[in-house]
Amino acid sequence: DAHWQPSDINIYDVIKGYTEDRITNYSNSSGTYQNYTHYSLTFPNSAIRLLISGNYIIKVYADSDPEQVVLTRRFMVVDRRVNINAVVDKPSTTSERDMKQAIDFSIINRGYPIIDAYQELTVVIIQNGRWDNSISNLKPLFVKDNEFDYSYDDGNLFNGANEFRWFDTRTLKSNTERTLRLEKDNDTFQVYLTKDPDLSSMKYSTVSDINGHFYIHTQDFTNPDVECDYSWVHFNFPYDSPIDTGNFYIFGALTDWTVRREAMLTYDFNAQAYKGSLYVKQGYYNYWIVFEGDKSSVADETLIEGNHWDTENDYTILVYHHPISSRYDQLIGMKKINSIKLY
């Protein structure tokens, strides 16, 4: 459904063809220190077709055993039946105008049957592809003719946060701009990054980033699928003393927008710094240093990164419809907007 819980619907009403299939398109790495197999899947395909709109999860598992999960991925199928007008604006409240971004939007419906928008519609707003801080409890403020208005004062606010940090491992033959030193130890590359400063008290500065995402690439070879190598990337974040109410994490698309144990930073008392390492394929990566408190389930991207309304962020607005007689949430509208391109 709109909240990623299983729908009460028969799988054969959703999929035409097989409900599972083998991934047969793969290639072995070539000329790399780390041997690996690169798998590729085009989906949907001739064996599996999707029949309805909504939220889906694809699961990849090993050795024909559904319990040996390799990865899962969320994706959505949209059947556009409504239009969405949206802008990113400063909040109306003075205390938050310099830190947050307001997503004001309206849904324009021309002839699609929605009987009760308050009960039948679920709207979800996500920022930069992450789900932990998504907003999904909004109801229309006003309904007039064919327009449902969602221009809230405070229910539609996101932290502006800051532009993303980055590192570049597209070449492992020499240092890049943020590489302090590059080593090869027992046929494994070690990339030590320059120190990450605390940005929370610094003024906003425009930085060209890719809004938390990454892309796999190499500058030294031609086929990134099988010729990119892997390396341990080491992070160093100076901090006067450890915090005992939670943990710091490397965070972004490289961690699936979740706080992961392998991405947690641990405190080095001798260096007075938090340190950690991630094993990643060659490419260009964005990341934040986030804090998650012991009693929280949402990563705080502002404690170390800072919080500025003029940061560039991508937003996606999703409109789900669940008619009274239906057994699932249809995805009938989607709108992508960028905070900077609207100013």
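The values are calculated or read from the model by the stated rules, or taken from the named source; none is laboratory data. All values derive from a computational prediction rather than experimental measurement. Note that each Cβ is placed from the backbone with ideal geometry, even for glycine, and that neighbours are counted across all protein chains shown. For the accessible areas, the whole protein counts, side chains as well, though only heavy atoms, and no ligand, DNA or RNA atoms are used. Shrake-Rupley method; radii C 1.70, N 1.55, O 1.52, S 1.80 Å.
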Exercise. Gap in Å between the Cα centre of segment 160-189 and the Cα centre of segment 308-336?
Worked result: 36
Exercise. How high is the relative contact order of the chain, in percent, counting Cα pairs under 8 Å that sit 6 or more residues apart?
Worked result: 21
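When the accessible area of the chain is split by element with a 1.4 Å probe, what percent falls to carbon and sulfur? It would help to have the intermediate numbers written out before the result.
Numbers: 8690 of 18730 Å².
So the carbon and sulfur contribution to the accessible surface is 46 percent.
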Exercise. Dipole of the chain (Lys/Arg Cβ +1, Asp/Glu Cβ -1, origin at the Cα centre): which of Tyr328, Gln190, Tyr274 lies farthest to the positive side?
Worked result: Tyr328
Exercise. log₁₀ I(q)/I(0) of segment 222-339 at q = 0.18 Å⁻¹, via Debye over equal Cα point scatterers, no solvent, to two decimals?
Worked result: -1.04
Problem set entry | Lys195 accessible area, assembled protein chains, probe 1.4 Å, Å² | 140
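Largest first and in whole Å, give the semi-axes of the chain's equivalent ellipsoid, each being the square root of 5 times a Cα gyration tensor eigenvalue. Intermediate results must be reported in sequence, preceding the final value.
On the way: eigenvalues 275, 174, 59 Å².
The equivalent ellipsoid of the chain has semi-axes of 37, 29, 17 Å.
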Problem set entry | Solvent exposure of the chain as accessible area per residue, Å², 1.4 Å probe | 55
For this session: Note down the Stokes-Einstein diffusion coefficient of segment 277-343 in µm²/s, whole number, using a Kirkwood radius over alpha carbon pairs, 10 °C, and 1.306 mPa s.
Result: 98
Seminar exercise, completed: One finds the C-alpha centres of segment 245-296 and segment 15-48 to be spaced, in Å, by 30
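Just to be sure I follow the definition: excluding the sites themselves, where is the longest run in the chain that has none of the GluC sites (Glu not before Pro) in a DSSP loop with at most 15 other Cβ atoms within 10 Å?
Longest run free of exposed loop sites: 178-343.
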Exercise. Excluding ligands and nucleic acids, what accessible area in Å² is computed for Tyr118 using a 1.4 Å probe, to the nearest 10?
Worked result: 90
